[in-house]
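The structure appears right after this line, and notes come after that.
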Amino acid sequence: MNNNFETVIGLEVHAELNTKTKIFCSCENRFGAEVNTLCCPICMGLPGTLPVLNRQVVESAVRMGHALNCRINGVTKQDRKNYFYPDLPKAYQISQFDVPLCEGGYLDVLVGDEVRRIGVTRIHIEEDAGKLIHDDSFDGTLCDYNRCGVPLIEIVSEPDLRSADEAKAYLETITTILLYLGISDAKMQEGSVRCDVNVSVRPRGASEFGTRCEMKNVNSFGAVYRAIVYEAERQMEVLASGGTIQQETRRWDDAKGKSILMRSKEDAQDYRYFPDPDLLTFVVSEEKIAALKASLPELPTARTLRYVKDFGLQKVDAQLLSVNKARADFFDACAALGRCEAKIAANWLLGDIAKILNEQRIEITDTALTPEHLADMIVLINKGTISNTAAKTVLEEIMRRDVEPAQVVEEKGLAQISDASALSGIVDQVLADNPKAVADYKKGKVNVAGFLVGQCMKASRGQGNPATLRDMVIEAIQKL
Amino acid sequence: MRKLYEYSATELSSLLRGREVSAAEITEAALGRIEAVEGQVDAFLTVTADEARAAAERVDAKIAAGEELAPLAGIPVAVKDNICTRGVRTTCASRMLENFVPPYDATVTEKLEAQGAVLTGKTNMDEFAMGGSCENSYFKKTKNPWDTSRVPGGSSGGSAAAVASCEVPLALGSDTGGSVRCPASFCGIVGLKPTYGAVSRYGLVAFASSLDQIGPFGRTVDDVALLYGAICGHDPRDATSKNAALGEVRGEVKGLRLGVPKEYFGEGISPEVKAAVYAAVERLKGLGAEVVEISLPSTDYALAAYYIISSAEASSNLARYDGVKYGFSGNREGTLNDLYLSTRSQGFGAEVKRRIMLGTYVLSSGYYDAYYKRAKLLQGVIGQEFADAFEKCDAIVTPVNPTTAFKLGEKCDDPVQMYATDVCTVTVNIAGLPGVSLPCGSDAAGLPIGMQVIGPRFSETRLLSIAKCYETAVGGFAVKEM
């Protein structure tokens, strides 16, 4: 990347809200249904039908506004954005133009070790359009109207982002907050979060912004990163070779790894925004705004910093934990019990538990694991009742069914054996089976003891106390 | 002896309750009358004889079972063809929707059905309610029952002509700039444009959403009150609807102050119309009303504001007719743009296209502030002038149309002259007020003249009471023999 230039990025993030019903009708709001089964005359814009605003949409958007430290416009309106396209059955999208619901906020984003404050220009509510389907088996284009009228919020950032890394971190934080608030499924792969990226470059130290290009269709975290890197380099090359950047809209093709011109500024559409006469000015009361603010949970960046400060977690671990609200909530509950060191619980959550969850593609709330059981298991390790090896077996059990860890230990006979008389048979057998290792040890290769202890642990099915076994192995060799 | 089709809805309702007549007989009388005069009037685009007979049968079954009847049970009602009727095509008198059959009812038609009213058919209109003569229909030209060489007024001309010719006692129209009041006046019947929000717009195919209201037609004030009472009230499906209700229509004017605004009696109003309305005001004065002269100074600008706002909204409301999902579809072989162009060029008539272009222009970047924004400001001013006027009076009396019904084809070549016929009615829509149009005499040729009574928001009961008082004093309104 050319070091004489600085990249300037702003993001427009569209997030589908997970309200039960659509924004202007009572159709179910759900992803993945059979085509054209979740639509009605209203969301299909048939003549004579009228929209009625779903107040839940307003509440979700106001909560997001609070989470991004915005000013909430308690009196606002909805406007029509007029354009023709087959996926837009009314030929206008009901959106918000000059008075968005939320304005003038910011978001603190953790980028590496640094906290960056990114301005949020506005958040407004609008309806989604349908989906066009191009199918090779059919000569033409099909349209699925299920998505028509799905509620969206559009979150527009200030041009405060300065690298692809920052943009990616910002977008990740936005999706994490959406999940924290429970207002969106926030799945980029299902299109419930979509992103338009504005990129410009300027000579380092310049105070004026360069001419920007907008990239559409940037639909994964990785694509955001790649699109910005590509576009910034393209612009820098143009400038470095004496050219100028034209303001234009480009489509990002992630498969090909490049952006393609969609339309230039001259072809910009005139959307003829005007207030939607079917929808009156709507009011969110001061009390409601305050109540929604009070309902906000602790947000991920604050949580990460708290974990570092209160529990001494590494920042990267704290962030990994905070990014998943269910696991972070679990962690907080476990830490609050005060039965074990929080950091150990965090290690289990980020290690073995995360591994099992990822393998099975489930969430912690889908398992039988409780904060109490995890804490109790750690206590059993600390007391020497079970080894770390045996604990993995206990963990699998307590994730599968609601059972006390101690009971698992008993049922499976996993208790650690520290009684030398019970282990001597195992030690004798292992030494007899491994004469070479024994000989090596005698020649002074004392590291071999570890191998022999491991063999004893294996033979004891993880139950032997490793410290006891170590003492016994060394003693026995010396006796030979 | 009076024929059954000549009876008012109020009378029919009472006869039905007294078991002096059956719903089937009433319906047959209406269908027979339609058969007899429709060739002269051309009021209907669709006659729903089978559905009407079935509805009447249901009412008769209820009567036989001794069940309670709703006020409109068994009464034939015609509905303007821009009001959606489930399973019955709703064309808006446009080629664009020639074969459009809505899978849903408008809230008003749902209410009518719930009452047991008998839908006899869908009436002709100016295409998408744009026009003042009913001549902008893609399908046919409705004639004025008083003189079939003349227009019935518009845009709800079919509904007005159907009531005036006794094809039905009641009909629904819609009024965006005068489309109920104007044809009521031309056809010599009573028409009410309710307060904006009083009647649900759900299922009314939108022309200008902030101005459109559905309103009733009848040959008597009581009939109009009967139908209005059945359709008004809040609807959760229309965010702009309000909880309106009708009180008792007593027919009194004693002690009411009637404002007469000089701006409504200016140059463009024909002497005969002026004289008839002034005479009606005198008559009301004689019945106990107090008459005060008032001024509504911005009236001159109302027409411009109206055509800007209504066309702007229309350009957006009518954008959905793109030939993709329903309605007329043009060239489907070429590009998407070809489909849009051919569909909209061929599917819409000239007047609709004119308004779409006008509306698109006034909303476009660089012109919005000069036109749309200023028109909206003017709307506020006009509303305020009415509010001020209602400090001095309880209702305002004006003409409805500058002239009586004109000849078919007379104004077709001059849109601006046609627009000017709305001069007395558009202010009411701009200010969201109720207005009733009722007959107040006739011109030298015997054509009806109408007067308009305008009141503050939700004063329908008062307006109908004034109208009824006048109606009683003149011994009822004349019906044209056909």
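Could you please give the count of residues in segment A:271-294 that are modelled with pLDDT under 95 and not β-branched (V, I, T)? Residues flagged as modelled with pLDDT under 95 and not β-branched (V, I, T) within segment A:271-294 amount to 2. Scanning segment B:203-225 for residues that are away from every other protein chain (no Cβ under 14 Å) and closer than 18 Å to B:T107 by Cβ returns B:G215, B:P216.
Yes or no: A:N434 modelled with pLDDT under 95, outside the structural domain of A:A318 (by TED's automatic domain parsing) and either out of contact with any Asp or Glu (no Cβ under 9 Å at 6 or more places or on another chain) or of a type in the set (S, T, N, Q) (or both)? Answer is yes for this residue. Of all residues in segment B:362-379, those satisfying the criterion of being surrounded by 12 or more Cβ atoms within 10 Å (Cβ to Cβ) and either assigned to a helix (DSSP H, G or I) or more than 13 Å from every other protein chain (Cβ to nearest Cβ) (or both) are B:V362, B:L363, B:Y371, B:Y372, B:K373, B:R374, B:A375, B:K376, B:L378, B:Q379.
Of the residues that sit in segment B:36-76 and are charged (D, E, K, R) and free of Cβ contacts under 8 Å to residues at least 24 places away in the same chain, which one is surrounded by the most Cβ atoms within 10 Å (Cβ to Cβ)? Reasoning before the result, please.
Let us first name the residues in segment B:36-76 that are charged (D, E, K, R), namely B:38, B:42, B:50-51, B:53, B:57-58, B:60, B:62, B:67-68.
Imposing the further condition that a residue be free of Cβ contacts under 8 Å to residues at least 24 places away in the same chain reduces the set to B:50, B:67-68.
Numbers: B:D50: 8, B:E67: 11, B:E68: 6.
Here the residue is B:E67.
Just one of the numbered conditions (1) loosely packed, with under 14 Cβ neighbours inside 10 Å; (2) over 30 Å from A:I177 (Cα atoms) is not true of A:D276: (1).
Kindly indicate whether A:S387 is buried (at least 20 other Cβ atoms within 10 Å of the Cβ), of a type in the set (S, T, Y) and either free of Cβ contacts under 8 Å to residues at least 60 places away in the same chain or under 30 Å from A:Y307 (Cβ atoms) (or both).
Yes: the conditions hold for A:S387.
Taking the condition surrounded by fewer than 17 Cβ atoms within 10 Å (Cβ to Cβ), small (G, A, S) and outside any helix (DSSP H, G or I), does A:G425 pass? Judged against the criteria, A:G425 is not a match. Taken over segment B:1-51, the criterion of being of a type in the set (K, R) and either at positive phi or not in a helix (DSSP H, G or I) (or both) is satisfied by B:R2, B:K3, B:R19.
The residues of segment A:39-71 that are touching an Asp or Glu at 6+ places or on another chain (Cβ under 9 Å), crowded, with 23+ Cβ neighbours inside 10 Å and more than 13 Å from chain B (Cβ to nearest Cβ), listed by number, are A:G65, A:C70. Screening segment B:227-272 for residues that are among the small types (G, A, S) and farther than 16 Å from B:Q213 by Cα and picking the one that is surrounded by the fewest Cβ atoms within 10 Å (Cβ to Cβ) gives B:G255. All told, B:A106 falls short of being modelled with pLDDT of 95 or more, at negative phi and more than 14 Å from every other protein chain (Cβ to nearest Cβ). Against the numbered list (1) of a type in the set (A, V, I, L, M, F, W, C); (2) within 20 Å of B:V281 (Cα to Cα); (3) assigned to a loop (DSSP other than H, G, I, E, B), B:A445 comes up short only at (2). Selection over segment A:255-274 of residues that are under 12 Å from A:E231 (Cα atoms) and either within 14 Å of chain B (Cβ to nearest Cβ) or not β-branched (V, I, T) (or both) gives a count of 4.
Restricting attention to segment A:14-34, the residues being within 14 Å of another protein chain (Cβ to nearest Cβ) and among the hydrophobic types (A, V, I, L, M, F, W, C) number 4. Here is a list: A:R194, A:R204, A:R162, A:R147. Which entry is crowded, with 18+ Cβ neighbours inside 10 Å and over 19 Å from the mean Cα position of the chain (by Cα)? It is A:R147. Inspect all residues belonging to segment B:332-354 and state whether any of them is farther than 30 Å from A:T141 by Cα and either charged (D, E, K, R) or within 14 Å of chain A (Cβ to nearest Cβ) (or both). Among the residues of segment B:332-354, at least one is farther than 30 Å from A:T141 by Cα and either charged (D, E, K, R) or within 14 Å of chain A (Cβ to nearest Cβ) (or both), which makes the answer yes. Taken over segment A:244-285, the criterion of being part of a strand (DSSP E or B) and more than 30 Å from the chain's Cα centre (by Cα) is satisfied by A:E248, A:L261, A:M262, A:R263, A:S264, A:F274, A:P275, A:F282, A:V283. One residue stands out among those in segment B:96-134 that are surrounded by fewer than 24 Cβ atoms within 10 Å (Cβ to Cβ) and charged (D, E, K, R): the one that is farthest from B:V163 (Cα to Cα), which is B:E98.
Just one of the listed residues (B:D388, B:D413) is free of Cβ contacts under 8 Å to residues at least 60 places away in the same chain and assigned to a loop (DSSP other than H, G, I, E, B), and it is B:D413.
The residues of segment B:307-348 that are among the acidic types (D, E) and surrounded by fewer than 20 Cβ atoms within 10 Å (Cβ to Cβ), listed by number, are B:E333, B:D338. Can you tell me which residue in segment B:194-206 is surrounded by the fewest Cβ atoms within 10 Å (Cβ to Cβ), limited to those that are hydrophobic (A, V, I, L, M, F, W, C) and under 13 Å from the mean Cα position of the chain (by Cα)? By that ranking, first place goes to B:L204.
Based on this model, can you work out whether A:K77 counts as at pLDDT 95 or above, surrounded by 23 or more Cβ atoms within 10 Å (Cβ to Cβ) and either within 14 Å of chain B (Cβ to nearest Cβ) or more than 22 Å from the chain's Cα centre (by Cα) (or both)?
no
Restricting attention to segment B:77-95, does a residue exist that is away from chain A (no Cβ under 14 Å) and either surrounded by fewer than 16 Cβ atoms within 10 Å (Cβ to Cβ) or part of a loop (DSSP other than H, G, I, E, B) (or both)? For segment B:77-95, residues away from chain A (no Cβ under 14 Å) and either surrounded by fewer than 16 Cβ atoms within 10 Å (Cβ to Cβ) or part of a loop (DSSP other than H, G, I, E, B) (or both): absent. Looking only at residues in segment A:73-106 that are small (G, A, S) and touching a helix residue (DSSP H, G or I) at 6+ places or on another chain (Cβ under 9 Å), the one that is nearest to A:V58 (Cα to Cα) is A:G74.
For segment B:135-156, name all the residues that are farther than 19 Å from B:F348 by Cβ and within 11 Å of the chain's Cα centre (by Cα). Of everything in segment B:135-156, those that are farther than 19 Å from B:F348 by Cβ and within 11 Å of the chain's Cα centre (by Cα) turn out to be B:G153, B:S156.
The values are calculated or read from the model by the stated rules, or taken from the named source; none is laboratory data. Quantities reported herein were computed from a predicted structural model and do not represent experimental measurements. Don't worry about glycine lacking a Cβ; one is built from the backbone with ideal geometry, like all the others, and counts go over all protein chains shown.
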